[in-house]
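Shown next, in structure tokens, is the structure this report addresses.
The values are calculated or read from the model by the stated rules, or taken from the named source; none is laboratory data. These figures come from a predicted structure and were not determined experimentally. Quick reminder, even Gly has a Cβ in these numbers, built from the backbone with ideal geometry, and neighbours come from all protein chains shown.
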Amino acid sequence: MFNIVLITPQIPNNTGAIGRLCVNTGSTLHLIKPLGFDIDEKAVRRAGLDYWNKIDLHVWESIEDFFIHNPQSERFFFATTKTNQPYFDHKFQSGDYLFFGSETAGIPADILASAPKQCMTIPMTKEGRSLNLAISTGIILYEAIKQNFVSYQEGM
């Protein structure tokens, strides 16, 4: 129903939690290399990710490789702390791509600058810098599902 795109994720537990989220929501997971961990069968089994084979998973060699095969469109949404536009002001549609950057660097500035109207943030107090990647993904993905719940139920 939705596409979750993780640009150079660094923490395997976050990606594992997001993978579980994708399985349970029928979403596709796109991982953009370089990854901060190994996802071969042995590593995944050792991490206890027994559902990993159920993920609709696409691994891309680079962000450029991803954009060659998935040209940028107005249906791409970029989660960042570098905007004031809340995620719930966007109108999501089935098939949208929800982008999240690495835990250490976020989404590259040139990508954010190329689509400022498609950037979104999760409102937070000034006490913290950001939320955990898996939590952020869940918040925004479930808002997209909420907005499309009737069609989402039909696809279940």
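When Phe2 is tested against (1) more than 11 Å from the chain's Cα centre (by Cα); (2) of a type in the set (A, V, I, L, M, F, W, C); (3) surrounded by 15 or more Cβ atoms within 10 Å (Cβ to Cβ), only condition (1) is not met. Screening Ala43 on (1) surrounded by 11 or more Cβ atoms within 10 Å (Cβ to Cβ); (2) at pLDDT 95 or above; (3) in a helix (DSSP H, G or I) shows it passes everything except condition (2). Filtered by the rule that a residue be over 20 Å from Leu31 (Cα atoms) and surrounded by fewer than 19 Cβ atoms within 10 Å (Cβ to Cβ), the range 91-120 gives Lys91, Gln93, Ala113, Ser114, Ala115, Pro116, Lys117.
Just one of the listed residues (Asp89, Asp50) is more than 15 Å from the chain's Cα centre (by Cα) and more than 23 Å from Ala17 (Cβ to Cβ), and it is Asp89. Among the residues making up the range 121-133, a single one is surrounded by 15 or more Cβ atoms within 10 Å (Cβ to Cβ), in contact with a Pro (Cβ under 8 Å, 6 or more places away or on another chain) and farther than 26 Å from Asp56 by Cβ: Thr121. Here Gln153 passes the criteria (1) surrounded by fewer than 12 Cβ atoms within 10 Å (Cβ to Cβ); (2) free of Cβ contacts under 8 Å to residues at least 12 places away in the same chain; (3) in a loop (DSSP other than H, G, I, E, B) except the one numbered (3).
Residues are listed down the side, and each one gets a yes or a no for (1) of a type in the set (A, V, I, L, M); (2) exposed (fewer than 14 other Cβ atoms within 10 Å of the Cβ):
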position	(1), (2)
Ile39	yes, no
Phe66	no, no
Gln72	no, yes
Thr83	no, no
